[in-house]
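S.K.: Following this message is one structure expressed as structure tokens.
The values are calculated or read from the model by the stated rules, or taken from the named source; none is laboratory data. Quick caveat, the model's predicted, so the values are computed rather than measured. Cβ placement follows ideal geometry from the backbone for every residue including glycine, while neighbour counts extend to all protein chains displayed.
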Amino acid sequence: MEMNELFRLFHKQVKERISKYIRFYSFGEDSIRYDFYHTALNFYNLKPTDLILEQAIPQTQFTEKKRDKKNQKQGRHKDKPEYDLRIDANSSLKNGILAEFAFFRQTEISNSQDRTARHGKLLNEIHRLALLKHFNNQDNNPIYKDFTNYKCLLICVTDSEMINYGRNERGRKAEPIQKEYQLSEEYLADFPDTIRKAIDEKFSKQIKKFNIIPTAKLIFEQNEIANNETPNWVTWIWEVDFKNKKTTANTVYN
């Protein structure tokens, strides 16, 4: 598949970065994002202006937080969450792409990060992307397209910090990373409070308002075995969609 080749080349680009800098904590998430931007530009023969980075989410797709206007400080007070990447469809790209990124790894001083919260971050991003997939631009907003035909991707690169999270752990409950998610209220009830609290109310409230269930399916996975210098690491990519609570999803995964 065309998009699988894009993912494979992206993974290769990340591998080249890791081979050069050795330690995962030598660079941050922005470098991983740039690796995807660079790969997509070359793969689809795009111009830099074909990419939109960190664009505000349409206001219909989140619930604005109420603010204390009396005591608010100077600065921006509008709640404007953003998504990481948008690439519109063109002659070489059949469907547009909307993407969120996550880069989880051990740090130089700690190999015990808040992994539960990191899993919660993934679920929050699934909510965010599902709401984007739901956006149909009925108001003909000139800034946005109809996103219902876009591929909504959650792209995660991580080392053993999250690969083995939740597996064979004793004590407190821990849910491992899943290949498929259907984030209904009943499904989320089985997750620890720390994970559920990581899902921002601005998204969860709107999900309830639209009466939809965010879904995600792993469509790409490539692992790298540890060596003397770097740990095990993996690229995971989920395609995010939604289904109506009274119907089944229409998406066909290839």
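S.K.: Taking the criterion of being touching a Pro at 6+ places or on another chain (Cβ under 6 Å) and either closer than 25 Å to residue 34 by Cβ or of a type outside the set (Asp, Glu) (or both), would at least one residue in the range 194-205 satisfy it?
M.R.: No, that holds for no residue.
Here is a yes/no grid of residues against (1) at pLDDT below 85; (2) in contact with a His (Cβ under 9 Å, 6 or more places away or on another chain):
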| site | (1), (2) |
| --- | --- |
| 114 | yes, no |
| 129 | no, no |
| 157 | no, yes |
| 167 | yes, no |
| 171 | yes, no |
| 176 | yes, yes |
| 187 | no, no |
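S.K.: Would you confirm, using the coordinates I've provided, whether residue 54 is out of contact with any Ser or Thr (no Cβ under 8 Å at 6 or more places or on another chain), at positive phi, outside any loop (DSSP other than H, G, I, E, B) and at pLDDT 95 or above?
M.R.: yes
S.K.: Follow-up question, since we're still on this one. Pull out all pairs, ordered by first then second residue, where Cβ-Cβ is under 7 Å, the residues are six or more apart or on different chains, the first lies in the range 1-23 and is assigned to a loop (DSSP other than H, G, I, E, B), and the second is among the hydroxyl-bearing types (Ser, Thr, Tyr) and buried (at least 16 other Cβ atoms within 10 Å of the Cβ).
M.R.: Matching pairs, first to second residue: 22/230.
S.K.: If I filter the range 221-236 for residues that are farther than 21 Å from residue 36 by Cα, of a type in the set (A, V, I, L, M, F, W, C) and not in a strand (DSSP E or B), do I get at least one hit?
M.R.: yes
S.K.: Counting only residues that are β-branched (Val, Ile, Thr) and modelled with pLDDT of 95 or more, how many does the range 1-48 have?
M.R.: Matching residues across the range 1-48 total 3.
S.K.: Of everything in the range 193-219, what is part of a helix (DSSP H, G or I), surrounded by fewer than 20 Cβ atoms within 10 Å (Cβ to Cβ) and not polar (S, T, N, Q)? Give them in sequence order.
M.R.: Answer for the range 193-219, where residues must be part of a helix (DSSP H, G or I), surrounded by fewer than 20 Cβ atoms within 10 Å (Cβ to Cβ) and not polar (S, T, N, Q): 193, 196, 197, 201, 202, 205, 208, 209, 210.
S.K.: Here is a further query. Within the range 214-247, work out how many residues are over 27 Å from residue 5 (Cβ atoms), in contact (Cβ under 8 Å) with a residue 40 or more places away in the chain and of a type in the set (Val, Ile, Thr).
M.R.: 0
S.K.: Related question: Can you name the condition, by its number, that residue 104 falls short on among (1) within 13 Å of the chain's Cα centre (by Cα); (2) at pLDDT 95 or above?
M.R.: With (1) within 13 Å of the chain's Cα centre (by Cα); (2) at pLDDT 95 or above applied to residue 104, the lone miss is (2).
S.K.: What about residue 144, is it in contact (Cβ under 8 Å) with a residue 12 or more places away in the chain and farther than 20 Å from residue 246 by Cα?
M.R.: Yes; evaluated as a whole, the condition is true for this residue.
S.K.: Taking the residues in the range 23-44 that are more than 21 Å from residue 88 (Cα to Cα) and touching a Ser or Thr at 6+ places or on another chain (Cβ under 9 Å) as candidates, determine which candidate is surrounded by the most Cβ atoms within 10 Å (Cβ to Cβ).
M.R.: 24
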